[in-house]
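Peer 1: Quick one: structure below, then a few questions.
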Amino acid sequence: IPNIDKVFYEKITINYLNQLVLLHRELFPVDYSRDYFKKYILGKNYNSLGAFVLINNKKYLIGCALWEICNDTKFRRYCPFVLYEKKWYNCCDKIEKCGYLSTLGVINEYRNLGVAKLLIQQFLDIIKKEKCIAAFLHVIEYNKAAQKFYEKIEWNRIIEKHPSYYFIRDKYYDAYVFYKVLMENMAY
């Protein structure tokens, strides 16, 4: 039985690249290159957070969150009108930052124990410190468990699907976009 008290969270370093690649292959149907993961570990405006356990003095990656800090143009592309409804946003005259969560995953043995929820909370805490005004992500249309998870933790869903967002094994899949506005009470 996994012991949730033994899970700790920290930035994923290049030393854990192989574990990150293997974890991703286990959790997701998309096969990304090693350079994709290096970008999240080493790249400017890219970040990685791992959930680890220590077994026999060796760290094992059991979950991850990978994200980028992007400008609000990307957010507006996938979440049209969300920010325009905010009076404070319409008073801004500069480009704002947003956090795009590329992947979030936890191995089966540690699911339903709060690991993913803690990864999300730490992701949000970090991007708030970066002065991001919103966070968003895509969920493939058939992943009902992920959709329920984001709804449970109070993320909003864009009702219309984003068509053909994923291309996996020679087939296109639609995606839903989930978002969370972080700066609700900004002065204007």
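The values are calculated or read from the model by the stated rules, or taken from the named source; none is laboratory data. Note that this is a predicted model, so its numbers are computed, not measured. Here Cβ is always computed from backbone atoms with ideal geometry, including for glycine, and neighbour counts include all displayed protein chains. Side chains included, ligands, DNA and RNA excluded: accessible areas come from the protein's heavy atoms. Shrake-Rupley method; radii C 1.70, N 1.55, O 1.52, S 1.80 Å.
Peer 1: Determine the pairs where a residue that is acidic (Asp, Glu), located within the range 1-28, has a partner that is assigned to a helix (DSSP H, G or I) with Cβ atoms under 9 Å apart, the partner being 6 or more residues away or on another chain.
Peer 2: Hits for this filter: Glu26/Asn108.
Peer 1: Kindly indicate whether His138 is open to solvent by less than 50 Å² (accessible area, probe 1.4 Å), in contact (Cβ under 8 Å) with a residue 24 or more places away in the chain and either under 17 Å from Phe28 (Cβ atoms) or within 18 Å of the chain's Cα centre (by Cα) (or both).
Peer 2: yes
Peer 1: Further, regarding this structure: Collect the residues in the range 141-183 that are outside any strand (DSSP E or B), surrounded by 10 or more Cβ atoms within 10 Å (Cβ to Cβ) and at pLDDT below 90, keeping them in residue-number order.
Peer 2: Ile158, Glu160, Lys161, Leu182, Met183 - these are the residues of the range 141-183 that are outside any strand (DSSP E or B), surrounded by 10 or more Cβ atoms within 10 Å (Cβ to Cβ) and at pLDDT below 90.
Peer 1: Filter the range 43-80 down to the residues that are of a type in the set (Phe, Trp, Tyr) and part of a strand (DSSP E or B) and list them by number.
Peer 2: Residues satisfying the conditions are Tyr46, Phe52, Tyr60, Trp67.
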